[in-house]
2 protein chains.
Amino acid sequence: MPDISERGLQMPASPIRKLAPLSDAAKARGVKVYHLNIGQPDLHTPESALEAIRSVDRKILEYSPSDGYKWYRDNLVKYYATFDIELTPEQIIVTAGGSEAVLYAFMACLNPGDEIIVPEPAYANYMAFAVSAGAVIRTIPSTIDTGFALPHVDEFEKLINPRTKGILICNPNNPTGYVYTPDEMQQISHLVKKYNLYLFSDEVYREFIYSDTPYVSACHLKEIEENVVLIDSVSKRYSECGIRIGALITKNKKLHDTVMKFCQARLSPPLIGQIAANASLDAGEAYLKDSFDEYKSRRDFLIERLNNIPGVYSPMPMGAFYTVARLPVDDADAFCAWCLSDFRYEDQTVFMAPASGFYVTPGLGKNEVRIAYVLNKNDLAKALTVLEKALEAYQYTW
Amino acid sequence: MPDISERGLQMPASPIRKLAPLSDAAKARGVKVYHLNIGQPDLHTPESALEAIRSVDRKILEYSPSDGYKWYRDNLVKYYATFDIELTPEQIIVTAGGSEAVLYAFMACLNPGDEIIVPEPAYANYMAFAVSAGAVIRTIPSTIDTGFALPHVDEFEKLINPRTKGILICNPNNPTGYVYTPDEMQQISHLVKKYNLYLFSDEVYREFIYSDTPYVSACHLKEIEENVVLIDSVSKRYSECGIRIGALITKNKKLHDTVMKFCQARLSPPLIGQIAANASLDAGEAYLKDSFDEYKSRRDFLIERLNNIPGVYSPMPMGAFYTVARLPVDDADAFCAWCLSDFRYEDQTVFMAPASGFYVTPGLGKNEVRIAYVLNKNDLAKALTVLEKALEAYQYTW
């Protein structure tokens with residue numbers, strides 16, 4: 001058979017995926033597995049979205065426009081205006097999830113060998129999309145000891161060279177829950193302007209900011225308007241990851257038109273997904289407030305409980321629904337695998353994501369895990385008890 | 001602002017898209033435009049699919065597995081078995097339309113600079129996906145005079161060099177409607193085996209073969225089982241282009257696992273689309289027979305009428321729902337644009353796709369158009385009258 005492509009060989013495999021068979025095996029043996037490993041919210045999708053799907057009365061499920069339906073983009077304009085992000089419908093391209101937006105942003109902006117700077121730990125699939133585009137991710141470590149604050153701007157500047165084409169941030173951050181301060185956003189803005197870079201900004205968790213840090217969108221940075229590529233998705237805010245609706249937003253007409261050539265090639269974003277996403281906008285303040293309150297209350301509970309487990313430390317995440325915690329183990333990959341393969345407490349165990357998969361620099365995050373608080377508090381409490389028991393038992397295994 | 005990527009600059013823009021504003025302008029002035037330009041079927045989606053959407057009773061629209069739901073892949077196994085294509089669910093990856101399947105096939109198989117051989121005219125977006133992967137499409141012209149039969153195998157062999165990595169066919173063919181004969185498929189098989197190539201085979205129109213030519217799938221070619229990548233989509237057979245459900249099928253485990261890394265990065269194919277596609281499998285023989293009969297009857301009507309217009313020639317397409325016809329004009333691009341911008345017959349005009357967009361070799365297909373028979377016969381008759389009148393009028397314009 002012919003060879004696999006180089007990029008195919010380079011594509012990273014997620015550490016969560018590697019552990020999934022262990023989780024399946026545990027479940028097959030009747031073990032209750034608490035999933036703290038994935039960003040699949042457990043909250044209900046808005047009823048308005050479910051009702052819109054049940055009310056589809058079309059006779060033909062036809063292609064939508066390649067940039068998405070105008071009625072949906074018109075409503076998105078109003079949505080973004082509530083965050084003081086002023087857009088026109090022509091600046092919004094509807095995509096198949098935030099994933100497609102990242103992929104096409106990279107494809108349209110980056111040549112093979114071009115570099116983008118990303119603070120780590122970072123969402124693992126950015127690396128995969130960079131490999132897809134042949135681009136190189138250069139990372140700047142942020143550390144748990146400073147609560148994963150943005151590294152000083154000097155650290156970015158040290159990495160900048162003629163191949164540097166952009167900076168990528170995720171704000172609020174997956175996996176750390178950090179929210180960039182207005183000062184930090186200004187520093188990024190200056191750097192982007194000074195070196196004429198793209199700023200890719202993934203802001204899918206903007207609804208979930210629990211601290212007093214004001215939300216500063218990359219789109220608020222007036223002096224780099226043409227450099228910003230906003231990545232968005234309805235998956236997390238409306239608990240509808242499966243409809244695959246995201247958006248790529250740019251005020252840069254030339255970039256918009258280039259991205260559109262990729263979008264035209266793939267013809268159309270999902271039709272039913274657009275109907276559901278559009279109806280989700282009608283869910284109202286109450287839905288988002290309930291989600292916010294629920295996640296905030298889980299966060300407070302989770303972080304307090306975590307920090308009460310001997311040897312465990314988690315900073316207080318400011319947003320999103322994740323935290324990266326340090327565990328009293330040498331190798332969190334091995335510990336997470338052991339929890340699934342060997343450890344049981346009252347026929348229960350936990351599935352956490354080893355943080356190593358979110359770092360590019362080898363060796364970083366070895367004793368850290370990402371925990372998603374996508375379980376109700378009752379289950380979260382049980383999962384934390386299991387984690388505490390697991391850590392106790394683990395010290396006697398070697 | 002920073003530069004656009006090279007691949008972004010190289011991405012082809014579809015000639016149909018370039019003409020779309022003219023069509024919009026005509027419609028805005030109250031002109032009835034007959035759309036013969038796009039592959040958007042006008043037949044109804046199966047009621048079983050529409051009903052399945054209306055019956056979605058989930059509370060959370062969550063991610064599906066990255067390779068698609070097992071229940072859908074199990075049912076696809078049964079579907080393919082009816083065409084003597086023997087598969088396991090593990091050989092099927094559900095994708096966001098056939099488009100995503102082509103893109104990931106190229107990404108997983110082709111390095112930048114690798115070449116694939118494609119008979120032309122060809123579906124224009126293959127070129128876009130090749131540019132996305134940095135690959136080079138080398139074409140072998142087929143001609144209207146031989147009814148767009150596959151060029152002799154010697155013509156393929158002349159193009160093969162150390163960078164040649166695959167052959168791509170679309171069978172039944174978009175845009176020509178040609179169906180490869182068993183002999184031609186055997187020749188391709190030998191060539192693929194001899195030079196250890198990939199065979200990418202897009203077979204989304206398999207239900208629509210009107211001639212006695214038996215359908216030979218690339219998956220029927222036993223001696224190249226590991227080399228074949230089957231591209232599929234439910235869009236055309238069930239008239240549900242908007243749900244974005246396709247498939248990438250390979251018996252090559254290593255390739256499957258590589259493609260899965262791209263699929264895991266984008267997380268999930270559309271959830272509601274899978275529900276609709278799965279229910280479409282229950283539409284039954286009657287639905288597909290009605291579609292077949294309708295398209296066949298339109299084909300017979302269209303081709304006879306076309307060949308009765310002075311100076312027009314169309315071969316009889318064997319499958320799909322397109323034909324490429326030769327018109328008595330020097331420049332079909334200009335003629336198609338003129339139909340939209342200037343010509344009116346009883347407040348009507350036609351929108352056809354200039355065939356030049358389906359050829360890579362400059363100058364080929366200059367006097368050809370692709371016509372999709374996705375209008376009912378009544379409208380098709382009116383559109384053909386308008387075309388005849390347009391051709392009469394056009395000769396006096398220059």
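Couple of notes before you dig in:
- Total buried accessible area between A and B, probe 1.4 Å, nearest 100: 6300 Å².
- With viscosity 0.692 mPa s and temperature 37 °C, the Kirkwood radius over alpha carbon pairs of the range B:297-342 converts through Stokes-Einstein to a diffusion coefficient of 281 µm²/s.
- Remark: mean inter-chain Cβ contacts per residue of A:119-128 equal 1, using a 10 Å Cβ-Cβ cutoff to other protein chain atoms.
- Accessible carbon and sulfur surface of the protein assembly as shown relative to its total accessible area, %, 1.4 Å: 52 percent
- Distant alpha-carbon pairs in the range B:170-247 (separation over 17 angstrom), percent: 47 percent
- Charged-residue dipole, Cβ positions (Lys, Arg, Asp, Glu), the range B:1-135 about Cα centre, Debye nearest 20: 720 debye
- Proximal charge balance of B:Gly357 [Cβ under 14 Å; K/R count +1, D/E count -1]: +1
- With the charge dipole of the range B:47-283 set up from +1 on Lys and Arg Cβ and -1 on Asp and Glu Cβ about the Cα centre, the Cα lying farthest toward the positive end among the listed residues B:Pro269, B:Pro182, B:Ala49 is that of B:Pro269.
- Based on Cα contacts under 8 Å between residues 6+ apart, the range B:47-283 shows a relative contact order of 30 percent.
- Listed by chain and number, the aspartates and glutamates whose C-alpha is less than 14 Å from the C-alpha of A:Lys296, apart from same-chain residues fewer than 8 away, are A:Glu207, A:Asp212, A:Glu304.
- Model label sites at A:Asp183 and B:Asp293, defined 7 Å from Cα along the beta-carbon direction, differ in position by 7.6 nm.
- Cα extents of the range B:47-283 along the three principal axes, largest first (Å): 58, 39, 29
- Rg [Å, one decimal], Dmax [Å, integer] - the range B:1-150, C-alpha atoms: 20.5, 57
- Full-extension gain in nm, B:Glu346 to B:Lys194, via 0.36 nm per residue minus C-alpha separation: 48.9 nm
- Distances between copies at A:Pro362, taken between label points 7 Å from Cα along the C-beta direction, are 4.9 nm in increasing order.
- Length-normalised contact order of chain B in % [C-alpha pairs under 8 Å, at least 6 apart]: 25 percent
- In angstrom, the C-alpha Rg and Dmax of chain A are 21.1, 64.
- Coarse-grained scattering of the protein assembly as shown at q = 0.07, 0.09, 0.10 Å⁻¹, given as base-10 log I(q)/I(0) from a Debye sum over alpha-carbon atoms: -0.53, -0.87, -1.06
- Using the Cβ-Cβ distance between B:Lys254 and A:Thr361 with R0 set to 30 Å, the FRET efficiency works out to roughly 0.55.
- Spacing of the two label points (7 Å from each Cα toward its C-beta) at B:Asp3 and A:Met316, in nm: 4.8 nm
- Förster-model FRET efficiency, 41 Å R0, B:Ser55 and B:Asp212, C-beta, rounded to 0.05: 0.50
- Convex hull per residue volume in Å³, alpha carbons only, for the range B:286-398: 106 Å³
- Nearby aspartates and glutamates by direct alpha-carbon distance to B:Lys366 (threshold 16 angstrom, same-chain neighbours under 8 apart not counted): B:Glu120, B:Asp145, B:Asp330, B:Asp331, B:Asp333
- Nearest 10 degrees, 0 to 90: helix B:253-265 Cα axis against chain B principal axis: 70 degrees
- Averaging Cα coordinates gives a centre for the range A:51-130 and one for the range B:133-154; these two points are 36 Å apart.
- Accessible area per residue for the range B:34-125 is 31 Å², calculated with a 1.4 Å probe on protein heavy atoms, without ligands, DNA or RNA.
- Normalised convex hull volume, the range B:16-67, alpha-carbon set, Å³ per residue: 205 Å³
- The range B:291-385: GluC sites (Glu not before Pro) in DSSP loop, at most 16 other beta carbons within 10 Å: B:Glu346
- Within the shell of other residues whose beta carbon sits under 10 angstrom from the beta carbon of A:Asp3, the net charge comes to 0, with Lys and Arg scored +1 and Asp and Glu -1.
The values are calculated or read from the model by the stated rules, or taken from the named source; none is laboratory data. Quantities reported herein were computed from a predicted structural model and do not represent experimental measurements. Backbone-built Cβ (ideal geometry, glycine too); neighbour counts: all protein chains shown. Each accessible area value is taken on the protein alone, full model and side chains, heavy atoms only, with ligands, DNA and RNA left out. Shrake-Rupley method; radii C 1.70, N 1.55, O 1.52, S 1.80 Å.
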